[in-house]
Amino acid sequence: MSFNLSRTTMVRGAIIASLLVLVGCQARPLHDDPATQESLGAIEFAEVSTRAGLEVRNRLVFLAGNGAGEDDAPQYRVDLSVSSSAQGVQLNEQTTTPNAGRAIVSATYTLRRTSDDSVIKAGRRQTVALFDYPRQEFAKLRAARDAEDRASHELAELIYADLAIALGR
């Protein structure tokens, strides 16, 4: 019986010690800091030439500016290069046509300070969105485009998080 009592006491002590450690920890969003939010709002995003690139850029402008758009006097500039592709991944045995596919959107980006053109952060990200191929041709095109849009928005979220980390330091 004393073994169970000491074990219970040890478990309670471990729980109390864990709670005391957790009390000192803080979890908050990266962009919660007003200085970081101001820096994110002072980013200019370079023009892009692809449809997926435009989706990524527009989402980044929205996220960085809290829906207000780009700053008139930017302190930072982000150069983006975005590419996308759609691939069939599951073939129908009888017809050898794809039943499912994936949209892949990749980007390389560079965050620069406009005052001295120094590189603050450079990176490469890639996202994948899965989709089904319907039988109708227009529906196939639309499914692929919707998947590309989903992948583009997810890619913008990842790049935004990278930018928030870089500017929050």
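Derivation of every value follows stated rules applied to the coordinates shown; laboratory data play no part. Predicted model only: the values in this text are computed from it and were never measured. Counting neighbours? That spans all protein chains shown, and the Cβs are built from the backbone with ideal geometry, glycine included.
Tabulated values for the structure
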| read-out | value |
| --- | --- |
| Within-11-Å neighbourhood charge of residue 121 [Cβ basis; K, R +1; D, E -1] | +2 |
| Amide H partners (placed H, <5 Å) of residue 121, local residues excluded | 111 |
| Contour minus Cα-Cα distance for residue 113 and residue 161 (0.36 nm per residue) | 15.5 nm |
| Net charge, residue 55 excluded, C-beta distance under 9 Å - Lys, Arg +1, Asp, Glu -1 | +1 |
